[in-house]
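Here is the structure we will look at.
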Amino acid sequence: AVCSMGNSTSRLYSALAKTLSSSAVSQHQDCLEQPDSARLDPIDPKDLLEECQIVLQKRPPRFQRDFVDLKKNAVSNHRPIRVMQWNILAQALGEGKDNFVQCPMEALKWEERKCLILEEILAYKPDILCLQEVDHYFDTFEPLLSRLGYQCTFFPKPWSPCLDVERNNGPDGCALFFLKDRFELINSANIRLTAMKLKTNQVAIAQTLKCNETGRLFCIAVTHLKARTGWERFRSAQGCDLLQNLKNITQGAKIPLIICGDFNAEPTEEVYREFSNSSLNLNSAYKLLSPDGQSEPPYTTWKIRPSGECRHTLDYIWYSQHALNVNSALGLLTEEQIGPNRLPSFNYPSDHLSLVCDFSFNQDPDRLL
């Protein structure tokens, strides 16, 4: 059954309804066989946002989040580059494995939760979008976001836990999207992370882009490290492998770098220190929201499982601080907004908060590291 979206003659109805149909959940390969014309026909983001809001009209309104201005009297001669980082919660895991004991199953229905995810993306209009736990890439995100002007890349986990869930929609993985009218793809690498010289189930995508406005090159990477307590050394090894790959890709940070990810690691972990102390001269953008510029947010994920309440800082946007400035960052949801039942909820589609930053190039690109 397709969720009602008002007037079925809407020119977007067929595009959005296709991704909402229950058959699409198990038939995601069909979307790979769509004719090129259907996939390339542009969509106005305002129209798609309106369609999503019709689907969501019985749900509470979106939470209000404001951008915090972080510019230090820096003058930029180009439009900022907006980067969005988000673990969107794989549908198969949300319904079949994660056991969010305070979240009603009704709130996890894909027909509506998918529109909440799209609404969040459309509200912030990122130039670059980095997602983890994407298990509806082929039937939802690629067909819709490509028509919004994004170039789309997906790299699934080799042994996705989604495949253990009955009626799953295929493996989850990392996805990277960038606006083709703002950037040109120079190089793309799909990286299967190693730990202790062994290939692991975690992956990354790293793409070198050229900013059409400035001609400047930069590298954008997305990753999702191993979860759970007890795997700290494993995450540390994965982080070292990713950093080595990025050193090679950026020629030792000659090319500026932005890394988005769910690291599954608090700032006290070794993998966090490795990124902080790397020769790539990285800083964590969301530290800049703290009064002293040195502290991470108190949480980026907040949920209740059978084992109890989980409130952690696990998600980060790292950047080359010698080459890039953070102009602004999106504030987090407050505890009051999140509510006593935590995430996900009827208001918010994931157990992780989205992070959004506006970057500009440093005016002195030759400054030494």
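Quick look at the values:
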{"read-out": "All positions within segment 218-242 that are in contact with a Leu (Cβ under 7 Å, 6 or more places away or on another chain) and of a type in the set (A, V, I, L, M)", "value": "Ile220, Ala221, Val222, Leu242"}
{"read-out": "Residues satisfying the stated conditions in segment 53-89, i.e. among the hydrophobic types (A, V, I, L, M, F, W, C), under 28 Å from Asn347 (Cα atoms), out of contact with any helix residue (DSSP H, G or I) (no Cβ under 7 Å at 6 or more places or on another chain) and part of a loop (DSSP other than H, G, I, E, B)", "value": "Leu89"}
{"read-out": "Qualifying residues in segment 303-362 (those that are among the aromatic types (Phe, Trp, Tyr) and under 18 Å from Val222 (Cβ atoms)) - the one nearest to the chain's Cα centre (by Cα)", "value": "Tyr316"}
{"read-out": "Unique match (being open to solvent by less than 20 Å² (accessible area, probe 1.4 Å), among the charged types (D, E, K, R) and under 27 Å from Val326 (Cα atoms)) among Glu133, Glu120, Glu51", "value": "Glu120"}
{"read-out": "Residue in segment 353-362 that is assigned to a loop (DSSP other than H, G, I, E, B) and open to solvent by 20 Å² or more (accessible area, probe 1.4 Å) present", "value": "no"}
{"read-out": "Segment 253-264, subset part of a loop (DSSP other than H, G, I, E, B) and touching a Leu at 6+ places or on another chain (Cβ under 6 Å), residue modelled with the lowest pLDDT", "value": "Ala253"}
{"read-out": "Candidate set: segment 257-302, residues that are more than 12 Å from Trp318 (Cα to Cα) and among the β-branched types (Val, Ile, Thr); chosen: the one surrounded by the fewest Cβ atoms within 10 Å (Cβ to Cβ)", "value": "Thr268"}
{"read-out": "Filter result (in contact (Cβ under 8 Å) with a residue 40 or more places away in the chain, assigned to a strand (DSSP E or B) and surrounded by fewer than 20 Cβ atoms within 10 Å (Cβ to Cβ)) within segment 209-232", "value": "Cys211"}
{"read-out": "Where a residue in segment 124-142 is within 20 Å of Ala90 (Cβ to Cβ) and its partner, wherever it lies, is surrounded by 24 or more Cβ atoms within 10 Å (Cβ to Cβ) and of a type in the set (Lys, Arg), with Cβ under 7 Å and at least six apart", "value": "His136/Lys114; Thr140/Lys114"}
{"read-out": "Residue within segment 196-207 that is modelled with pLDDT of 95 or more, open to solvent by less than 20 Å² (accessible area, probe 1.4 Å), touching an Asp or Glu at 6+ places or on another chain (Cβ under 7 Å) and part of a strand (DSSP E or B) present", "value": "no"}
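The values are calculated or read from the model by the stated rules, or taken from the named source; none is laboratory data. Bear in mind that the values here come from a model prediction, so they are computed numbers and not experimental data. Cβ sites come from the backbone with ideal geometry, for glycine too, and all protein chains shown count toward neighbours. Accessible surface is based on the protein model in full, side chains and every heavy atom, while ligands, DNA and RNA are left aside. Shrake-Rupley method; radii C 1.70, N 1.55, O 1.52, S 1.80 Å.
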